[in-house]
Amino acid sequence: MLGRLAAGAGRVGSSIVSWCADVLAPRVCLSCGVEGAWWCVSCVAQLPVSGSFVCGRCERPSPAGRTCATCARDFPLQHVISIAPYAVASVQQMVQMVKYMPAHDVAQAYAILVAEFCARPANAALRAAVGHDLILIPIPLHWSRELERGFNQSAPIAAALADAGWGTVHDEVLVRVRRSAPQAMLTRAARLENMTDVFTVQRPDAVRGRAVLLVDDVCTTGATMSSAARTLRRAGAGTISGFAIARG
Ligand SMILES: [Zn+2]
Ligand SMILES: [Zn+2]
């Protein structure tokens, strides 16, 4: 609900807000210095979008990011697709900056990147691999964190996938009921523990028997996506996969 309200208010106010921001402090592309946006269209287009395809759990190379047979026993995601390794400096810079930018800019930068990725002929087969008519679910923030940040950075990624014809966004299905410690501060074991019982499904009818694609900005150990996937599986979802801007 909070997300929908914020999105609605964001649409109404974003043009006014961005106009005021441009007048008060002109945006300058962090990569090339051109005025107009924190990431200009041509610089986003130059980011690597060939995809990073490894098993979401053991990180061995795997076509379409399919979970390998060994890991499939206790890893609930069928595929984990990511646009680029987090180690790529320009991608890392974008993900870091997005956390501190107004929602309008986030949507612009991520949406261009996702559109570039989806437009690559080699990546078209990925959509078929994860399933048709997908339910796209941005990993929700806890409401208190979304209030602090002002937006969910995964929402524009899901919206861009929907624009590319991957499926329909359902940001009302999954809710984060517990505010967990930031994953980046924790070890792998602590990350898994930290993400236990974090999510709940409030609209099981929307996902029952359907192919779901969970959407996040960064996927490291897969602990967050796995926790969400287990919750969705208990609610009756069909195959569940993940999509992230950066991997690692
Ligand atoms: Zn630029
Ligand atoms: Zn594996």
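Some notes on this structure:
- Under the simplified labelling scheme, the Arg149-Ala181 pair shows an inter-label distance of 1.9 nm, with each label point 7 Å from Cα along Cα→Cβ.
- Loop GluC sites (Glu not before Pro), the range 146-215 (other Cβ atoms within 10 Å of the site Cβ: 14 or fewer; DSSP): Glu172
- Charge dipole of the chain about the Cα centre (unit charges at C-beta), most positive-ward option of Gly248, Leu161, Ala69: Ala69
- Cα centroids of the range 114-129 and the range 141-175: 20 Å apart.
- Extending 7 Å from the Cα toward the beta-carbon at both Ala129 and Cys32 defines two label points whose distance is 3.1 nm.
- Qualifying trypsin sites (Lys or Arg not before Pro) for the range 73-171 [loop in DSSP, other Cβ within 10 Å: at most 16]: Lys99
- Computed over neighbours whose Cβ is under 13 Å from that of Gly51, the net charge equals +3, Lys and Arg +1, Asp and Glu -1.
- Restricting the trypsin sites (Lys or Arg not before Pro) of the range 152-248 to loop positions (DSSP other than H, G, I, E, B) with no more than 13 neighbouring Cβ atoms within 10 Å leaves Arg178, Arg179.
- Helix-only arithmetic for the chain: the sum of -39500 (n - 2.57) across DSSP H runs with n ≥ 4, divided by the residue total, places the mean residue ellipticity at 222 nm at -12500 deg cm²/dmol.
Every number in this text was worked out from the coordinates using simple rules, so none of it is lab data. This structure is a prediction, so every number in the text was calculated from the model and none was measured. Neighbour counts run over all protein chains shown; Cβ positions are idealised from the backbone, glycine included.
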